[in-house]
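Okay, structure first, notes after.
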Amino acid sequence: MGILYDLVKEAQNDSEYETKVIRTFEPKIKKSLYLTRVDYRDDLEQELKMKLVRYVRDYSLENVPGLFDLKEQ
């Protein structure tokens, strides 16, 4: 499947892959931090990374809707 799908699948079983997911999103996180004040960037970066790890752990790969499921909605 996709690289992100595989990383999420592995990260749910092994915490080493969580760091790979974070590294995958790190350029986007850094770029987004430029939209905030310098005083808040470090704290916000930590919060975003924690949220990312939490979403990866809680994300259910079995309940991903297929193309026909989306079409019916």
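Read the figures in this text as sums done on the coordinates, not as results from a lab. This structure is a prediction, so every number in the text was calculated from the model and none was measured. Cβ sites come from the backbone with ideal geometry, for glycine too, and all protein chains shown count toward neighbours.
Name the single residue that is surrounded by the most Cβ atoms within 10 Å (Cβ to Cβ) among those in the range 27-64 being within 17 Å of residue 11 (Cα to Cα) and touching an Asp or Glu at 6+ places or on another chain (Cβ under 9 Å). By that ranking, first place goes to 56. If you go through the range 21-35 one residue at a time, how many are in contact with a helix residue (DSSP H, G or I) (Cβ under 6 Å, 6 or more places away or on another chain) and more than 19 Å from residue 2 (Cβ to Cβ)? Of the residues in the range 21-35, 2 are in contact with a helix residue (DSSP H, G or I) (Cβ under 6 Å, 6 or more places away or on another chain) and more than 19 Å from residue 2 (Cβ to Cβ). Restricting attention to the range 1-47, the residues that are over 19 Å from residue 57 (Cβ atoms) and β-branched (Val, Ile, Thr) total 2. Across the range 5-20, the qualifying residues are those that are assigned to a helix (DSSP H, G or I) and out of contact with any helix residue (DSSP H, G or I) (no Cβ under 7 Å at 6 or more places or on another chain), and the one among them that is surrounded by the most Cβ atoms within 10 Å (Cβ to Cβ) is 9.
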